[in-house]
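As structure tokens, the structure follows; a few thoughts come after it.
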Amino acid sequence: MTIRQYISVMKAAGRIPLECSPRIFWKFIRNFGMRNIGNIRRFEKRQRLGKPFFPAFVMISVTESCNLTCSGCWVSHGGKKQLSPHRLDSIISGCKEKGSYFFGILGGEPLMYTWLFEVLAHHPDCYFQLFTNGTLLTDEIAMKLKKLGNVTPLISIEGLEAESDARRGRDDVYRRTMEGVRACRRARLIIGAAASIGKSNFRELVNTDYLYLLAKEGVHYLWYYIYRPAGADSKPENALDKDQIRELRRFIVERRIDAPLQLIDAYWDDCGNALCPGAMGLSHHISPAGALEFCPPFQLAKDFINEDGSNVAELFQNSTFLKGLRKLTAETSRGCILLENPSLALQYATEQGAVDTTSRGTVVAEMQRMSVLAGHDMKGEEMAERNVFYRLMKKKYFFGFGAYG
């Protein structure tokens, strides 16, 4: 990395302390940074010594309710399942007892969850990443997030004007989402954007102009996902092919050294080897029904958290279903089992007696219709990280351990 590139990286990283309120920046350093370093170390030690399992990070979908109807989404449209506030509060407390203080809060649309701010306020020592479509992010809501201080909104932008409307099933979505971004900027929050990249939005969102557009709007980090067809309206024809996944990886690696914001992914390690956070045990998901799921789009499970949320640690430690699925996934590929071998994933879940965790109750039929699609395992064509800082973070703090032997 050249001196010029190094300066560019430091400039992008330096935007957060310059643009965000001091209290929010301090909460980020303490709750996300310092606590997570210790948490990752404890997770690594448990994995290395074969101690009782508990994931480093937990993603929690609090509700199935949503104000949009996006294609390719695994959430049940019109579904009513949600976690009670006491159950959610107890889940977070149980995770903290195991040293886990970072949570992804998903939906549906989590801003439609009535008790969201009440529960998050009970845990000022945690850090929350709020996965939202942004259309409900008013100035009032943004100021509530600022008052909490330990929440970063991760705002999903699935395309520009026409693509957002087509993908989201509603009109005027892009403008409303960007208004949400601007409300967060006025509140001086740490702002993230997310994009699930498929064929239909690849050219719009995987380019340098888009990075500068987001940075100009005040976005501090962009998280690229690979589109995974799921749900009742899965649109498998929108899935990326192998060449496009390779192009996406190359773009991330090359732009990470000069982008005006931080580029995030959770698909490749520092050397460019593919990985699955679920297979590594790094992260698992809790559904609105209280089910322990391998990952959000894998909606078959055997283990359910009780109504008072007191058994979360016990379930994670003793789940033979998740343990077997981690092993199967790691042995099958370094990529995504739902893309590369959905029939094997369904076979395993069926043999284990796993049940549909959704309101719609059609997950088995949906998985039976899944075809084999390209995954992100680029064996023989790995692209190592060129951003020295990001490569070090991946190697030392996030992906420097694993389940692949």
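Each principal axis of the Cα atoms in the stretch 277-405 has its own extent, and those three values, largest first, are 45, 36, 24 angstrom.
Could you work out what % of the accessible surface of the stretch 293-405 is carbon and sulfur, using a 1.4 angstrom probe and leaving DNA, RNA and ligands out of the count?
52 percent
Computed on the chain, with alpha-carbon pairs under 8 angstrom and 6+ residues apart, the relative contact order is 20 percent.
For K199, the lysines whose Cα comes closer than 25 Å to its Cα, not counting residues fewer than 8 places off in the same chain, are K235, K242, K379.
A viscosity of 1.306 mPa s and a temperature of 10 °C, combined with the Kirkwood radius over Cα pairs in Stokes-Einstein, give a translational diffusion coefficient for the chain of 74 µm²/s. With a Förster radius of 22 Å applied to the C-beta separation of M34 and A13, the computed FRET efficiency comes to 0.85.
Using the Cβ-Cβ distance between S371 and R48 with R0 set to 45 Å, the FRET efficiency works out to roughly 0.75. At a Cβ-Cβ separation cutoff of 4.7 angstrom, cysteine residues of the chain with no neighbouring cysteine are C20, C66, C95, C126, C184, C271, C276, C295, C336. In this structure the amide hydrogen of L130, modeled in the peptide plane, comes within under 5 Å of the amide hydrogens of I105, T152, L154, none closer than 5 places in sequence on its chain.
Given R0 = 60 Å, the distance between the Cβ atoms of S343 and R23 translates into a calculated FRET efficiency of 0.75.
Just subtract the alpha-carbon distance of E331 and N318 from 0.36 nm times their residue separation and send over the number in nm, one decimal. Please report the intermediate quantities before stating the final value.
Details: separation 13, 0.36 × 13 = 4.68 nm, distance 2.08 nm.
Extra length available between E331 and N318 comes to 2.6 nm.
Of all DSSP bridge pairs formed entirely within the chain, close to 20 percent run antiparallel.
Residues in the stretch 234-249 carry Karplus couplings, in order, of 7, 6, x, 5, 8, 5, 5, 8, 4, 5, 5, 5, 4, 5, 5, 4 Hz; the curve used is 6.51 cos²θ - 1.76 cosθ + 1.60 with θ = phi - 60°, and Gly or Pro positions show x. Each Cα pair under 8 Å and six or more residues apart adds its separation to the average, and for the stretch 295-405 the resulting relative contact order is 32 percent. A simple spin-label model places the labels of L136 and L392 4.1 nm from each other, with each point 7 Å out along Cα-to-Cβ.
Tell me the per residue accessible area of the chain using a 1.4 Å probe; a whole number in Å² is fine.
Heavy-atom accessible area per residue stands at 41 Å².
For the chain, modelled as a GNM whose springs connect Cα atoms under 10 angstrom apart, the maximal fluctuation among K302, K51, K199 occurs at K51.
Per-residue surface analysis assigns E382 an accessible area of about 80 Å², computed on protein heavy atoms at 1.4 Å probe radius. If you sort Y348, Y397, Y113 by accessible surface, 1.4 Å probe, largest first, the order is Y397, Y348, Y113. Each Lys and Arg adds +1 at its Cβ and each Asp and Glu adds -1 at its Cβ; summed about the Cα centre, the chain shows a dipole of about 1460 debye. In summary, the aspartates and glutamates within cross-link reach of K323, defined as a Cα separation below 15 angstrom excluding same-chain residues under 8 places away, comprise E293, D303, E314, E331, E351.
Accessible surface ranking for T114, T135, T362, 1.4 angstrom probe, highest first: T114, T362, T135.
Model label sites at E118 and D243, defined 7 Å from Cα along the beta-carbon direction, differ in position by 5.5 nm. Estimated at the nearest 10 Å², the accessible area of H77 is 140 Å² with a 1.4 Å probe. Shown are R246, R48, R30, R168, whose ranking by accessible area with a 1.4 Å probe and every protein chain present, most to least, is R48, R30, R246, R168.
Taking 0.36 nm per residue of sequence separation and removing the Cα-Cα distance, the L160/R203 pair yields an extension gain of 14.4 nm. For the residues L18, L222, L88, a GNM of the chain with alpha-carbon springs under 10 Å puts the largest fluctuation on L18.
Each of A266 and L213 was given a label point 7 Å from its Cα along the Cα-to-Cβ line. The distance between the two points is 2.6 nm.
Rounded to the nearest 5, what is the percent of antiparallel bridges among the DSSP beta bridges in the stretch 157-304? Here the antiparallel bridges make up roughly 30 percent for the stretch 157-304. Run the dipole for the stretch 308-399 about the Cα centre, Lys and Arg Cβ at +1, Asp and Glu Cβ at -1, nothing else charged, and hand back the magnitude in debye, nearest 20. Computed charge dipole of the stretch 308-399: roughly 460 debye. Solvent-accessible area of S71, all protein chains in place: 20 Å² (probe radius 1.4 Å, heavy atoms, ligands and nucleic acids excluded). When the chain is treated as a GNM with alpha-carbon contacts under 10 Å, the residue of L211, L160, L339 showing the greatest mean-square fluctuation is L160.
The values are calculated or read from the model by the stated rules, or taken from the named source; none is laboratory data. Just so it is clear, the model here is predicted, and its values are computed rather than measured. Every residue, glycine as well, gets a Cβ built from its backbone with ideal geometry; the counts of neighbours run over all protein chains shown. These area figures cover heavy atoms from the full protein model, side chains too; ligands, DNA and RNA do not enter into them. Shrake-Rupley method; radii C 1.70, N 1.55, O 1.52, S 1.80 Å.
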